[in-house]
Structures are given as structure tokens and as C-alpha cells.
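What follows is a single structure, written as C-alpha cells, with notes after it.
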Amino acid sequence: MCSRYEAPSSQRLLEAFQVAPDEPTQTELWPTYVGPFLRAPSDEGVNHDARAYEALSGIFGLLPFWAKDTKLARRTYNARSETAAEKNSFRGAWKSSQHCIIPAVAIYEPDWRSGKAVPTRISRADGGLMSIAGLWDRWTGPAGEDVYSFSMLTINADDHPLMRNYHRPDDEKRMVVILPNGAINDWLRAPPEQSMEFMLQYPADRLVAEARPSKR
């Protein structure tokens, strides 16, 4: 499960996707922090000249309409793909195909093989941005404002050559769903009944891992 990641700068988002959020975002992300996410344009199907993606800023941790405050995001930053359709926090977004991608320069996971948690930075071997499959939602804040939020989808990684090395020894191994570049558009526009088809492990040989000290 991923609770810390590096988001790209607006400039790098523009270079990779030709869009970036209008609102400021943070680059060192923990649950409840604000980062960028991309979804299919809201005017798609009406405006044939619409951009391929719409970039928004949102809270890292999904906030469904019934959330009392943003503290819920501390528990909803990851969504188990196997149960997202049933879990109260995620089922609305899953059943409505509120798909998004969370762009990331790198994610961090704890390596417990030494007996202590060693923060490890994991990134794409080719230096490209990770496109993490996620769900987004819209929540109404105390002043009536729209607050966007997102969660990273995860799958089992017990047999993944790289990601099985992280988290506590007795815990189930999990990993976020990193989409190949060619699957991004299909994911953003997929209907609910096709969502599970995208829940696949990213190849280990396309990732690199490096132990890093925690900055927190």
C-alpha cells in the first residue's frame, strides 16, 4: 500500500500530458496532501476538440459525498481493487467509472528485510512518469465549495519479483496499479464492468528501487 509518493511539477505534466491543474499542488505527497490527477475531459462527447485529459488538483485520499471532513482521507488513500465495488468509501466512484490516473515520479514503500523499515524509492526504469490507476470523487466542503480527491487502486503482489519485498514480513504484499502508457486512455473511458481488466501487475524489470532516508 502506498502512502507516500512524489508528484510531478506542472511543467513536467505539461510536457507529458499537455495539461496541468490551474490550482497549486504539492510534489511530496502524503494522505490529505493536495496533488494532481488526470481524468477524461468532462465535456467529452460534446466538444470534439476537447483535450485528451483534464487535469485537476485533489486530496490524496478519497472523500465520498458523506464524509464529515477531510480526515477520512487518512484511511482512503489506497483502494483494494478486489473490494472497491463493495466498500462504502469507494463503491460510488467504482460503479460510476470515476477513473483517473495519478501521475507520479516515484512511490515509496518500506523494506523490512533488515528488521527495520527502510524507505525505498521506486520509479520507472526508463525515467518516465508512473500513471497510477485511481478513483476520483467530488465532495462538498464546509463553505459549499467543490473538493476533489483521489485514491490509488492496489492489487496483490505476493508473487511480484520486486514488490513482494516490501511491507512487514507477515503482511499481504500489495502494489499500486501502474498503467502502461498505451492503456491510459482506455482506462479513463472504461465502463465499470471492464475496470478489473486493467488491474494488472507492472513488470518488475521496468522498475528500479533505491533505499532512501525518510524526509518526514
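The values are calculated or read from the model by the stated rules, or taken from the named source; none is laboratory data. Just so we're clear, the structure is a prediction, and the values are computed from it rather than from any experiment. Here the Cβ positions follow ideal geometry from the backbone for every residue, glycine too, while neighbour counts run over all protein chains shown.
Annotations for the structure displayed:
- Subset tally (residues that are among the aliphatic types (A, V, I, L, M) and more than 16 Å from residue 88 (Cβ to Cβ)) for the range 57-77: 1
- Taking the range 1-21 as the range and being in a loop (DSSP other than H, G, I, E, B) and touching a residue at least 24 places away in the same chain (Cβ under 8 Å) as the test, the residues that pass are 1, 2, 3, 7, 8, 18, 19, 20, 21.
- Subset of the range 1-60 that is modelled with pLDDT under 95, surrounded by fewer than 15 Cβ atoms within 10 Å (Cβ to Cβ) and hydrophobic (A, V, I, L, M, F, W, C) - its residue that is farthest from residue 182 (Cα to Cα): 46
- Taking the listed residues 174, 164, the one that is among the charged types (D, E, K, R), surrounded by 20 or more Cβ atoms within 10 Å (Cβ to Cβ) and out of contact with any Gly (no Cβ under 7 Å at 6 or more places or on another chain) is 174, with no other qualifying.
- Matching residues in the range 135-189 - criterion: being of a type in the set (Lys, Arg) and closer than 14 Å to residue 109 by Cβ: 164, 168, 173, 174
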